[in-house]
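Let me begin by presenting the structure, written as structure tokens, before commenting on it.
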Amino acid sequence: MATTFIASPESATDAPHGPRLDHRLHPAGRWIFLALLVVGVGYAGYSILVDTAQVGEGLALGTFAFLGLALLIALGFEFVNGFHDTANAVATVIYTHSMPAALAVVWSGFFNFLGVMLSSGAVAYSIITLLPVDLILHVGSNAGFAMIFALLLAAVLWNLGTWYVGLPNSSSHALIGSILGVGLANQLMTAGTGGTSGVDWSQATKVLTGLWMAPLIGFGAAFLLLHVMKLVLRNPKLYSEPEGTAPPPKGIRALLIFTCTAVSFAHGGNDGQKGMGLIMLILIGCAPTAYALNRTMPESATPAFVASANAAANAFAAHAGSSAAPTTLDASRAVLTRALQARHADTPQVFAAADALSRDLGHRIGNYGSLDKVPAAATPNLRNDMYLVLDSARLATKDKDASAKIFSAAELTAIKAYQTNLEKGTRYIPVWVKVIVALALGLGTMVGWRRIVITVGEKIGKSHLTYGMGASAELVAAGTILAAEVYGLPVSTTHILSSGVAGASVASGAGLQPRTIGSMALAWVMTLPAAMALAGGLYWVFLGLTKM
């Protein structure tokens, strides 16, 4: 840990006005870093023990150790994400001498932490919806754990590989590729489920659209913004190289620090949620009684839940064919599971199954009085039923035009209200999970950042980064990422910002370095298939090991 902040020989820059990247961190900083790591791990362990004790779910030593290992790998992904992606946020303030390198990474780390803590959680569950239905329903099985370990290790390995050669690759891209790889491998290894139906291609298309559009948005928006800045802000210092190692004028410096802060905050809010979603899957698999249901929901919310369940059941019943109705609850579960696998949930039989399970859910939760009083033995089944109905209802109403032809406006309102209550009961993130993810991402920004910083600052454009180029690239990145979080879309900070620097370089007339751009394009093209292949292979290996 003592050499974490010491520049390696290849990190030195030959640029005449290049920043100092070889500052050593003060010894007290290393101790604070280590202390935060220890406190974060201890806080996570203590929180798990308290949460499980409160619901009477004792964890065997082996289970606790297994859970700890899984959490460390998940947090390792966020840590690597921090030093891999956030280097993009600090490159501009470092290369314009707006902030010293050591201060910039600490500053960025703090606002990454803040971004995670204030995030909505919407992105976390948009990632989870890409996973195969059967693995989510049985996340505590051998296949479920093999899935989690495979996708996390694949994403971490690809991130470390691209970092080692100094390429600004996307952690989001790597994680999504890993998830798709596990989904395809699971489907190919499971007989009789219809080819690749285990991958939700409609959701995958939505997510991948955001990823492939990110470089285009970053390049085009930064290109246009720099031209607009030149028309509105005519200060020539904005568009010239920094003078020596002197900091920029106060106003320009404040703008650049603001853009660095905004990108760091936005990155934390978007990327931190990916780790949260995966950690919740791990917790549900290892300690379902404590984490499968949101036991913090007050008892006063139960009557509203029961009422919404019955109202939605009536809406489903109105469009269910009596001759196709499942005869048992197990049959209803099977119908909804097949509907989610096939991504087709607008048939009378599906509505009949949703009706039956919704009424049963309302009855069971009404009898318990609140989710907090659900006994341990009933928790996994109840959570799976809530998940099945929630995602089936969401799928049935996903196409607004099609659903409007089936359901009346009042019925759609009732179903939406029921979905909201189901989400509150199953899709939540404990505060301690946010804290440890925020710590992992924030501390990760302070390690290994030099390789990517040098690429962004020196090797994309043919000239030194100017104040205007840095500000335009980071304003575009921050605005795009924050907008994506509002809509629950995972996007790539790396893609947006590095392509923004390229767009600003072209707008300034500097041109681009073909070798770097070619390498970045190759990494962008290769990440998805490479991560898919790596994750799929690891899943096959891990699943084989569990059967030995």
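Read the figures in this text as sums done on the coordinates, not as results from a lab. Here the structure is a predicted model, which is why all the values come from computation and not from measurement. No Cβ is skipped: glycine too gets one built from the backbone with ideal geometry, and neighbour counts run over all protein chains shown.
At 0.36 nm per residue, and after removing the present C-alpha to C-alpha distance, how many nm does the segment from VAL228 to THR546 gain when stretched out fully?
Working: separation 318, 0.36 × 318 = 114.48 nm, distance 5.88 nm.
Taking 0.36 nm per residue and subtracting the Cα distance, the gain is 108.6 nm.
Assigning unit charges at the beta carbon (Lys, Arg +1; Asp, Glu -1) and nothing else, what dipole magnitude in debye, to the nearest 20, does the chain show about its Cα centre?
Taking the Cα centre of the chain as origin, the dipole is about 660 debye.
Do any of LYS237/LYS462; LYS274/LYS547; LYS250/LYS459; LYS274/LYS434 go past 22 Å between their Cα atoms, and which?
LYS274/LYS547; LYS250/LYS459
Do the sum for the chain: with -39,500 (n - 2.57) for every DSSP H run of n ≥ 4, divided by all residues, what is the mean residue ellipticity at 222 nm, to the nearest 500 deg cm²/dmol?
-24000 deg cm²/dmol
In degrees, nearest 10, range 0 to 90: what is the angle between the Cα axis of helix 379-396 and the longest Cα principal axis of the chain?
On a 0 to 90 degree scale, this one is about 80.
Stretch ASP399-LYS462 to full length: gain in nm at 0.36 nm per residue minus the Cα-Cα span?
Net length gain for the segment: 17.9 nm.
Using 0.36 nm per residue of separation minus the Cα-Cα distance, give me the extension gain between THR420 and VAL525 in nm, one decimal. Let's see the in-between values first.
On the way: separation 105, 0.36 × 105 = 37.80 nm, distance 3.75 nm.
Residue separation times 0.36 nm, minus the Cα-Cα distance, leaves 34.0 nm.
Given +1 on the Cβ of Lys and Arg, -1 on the Cβ of Asp and Glu, and no further charges, what dipole in debye does segment 295-426 carry about its Cα centre, rounded to the nearest 20?
180 debye
Can you give me the orientation-averaged projected area of the convex hull built on the Cα atoms of the chain, in nm²?
Working: hull surface 106.4 nm².
That works out to 26.6 nm², a quarter of the Cα hull's surface.
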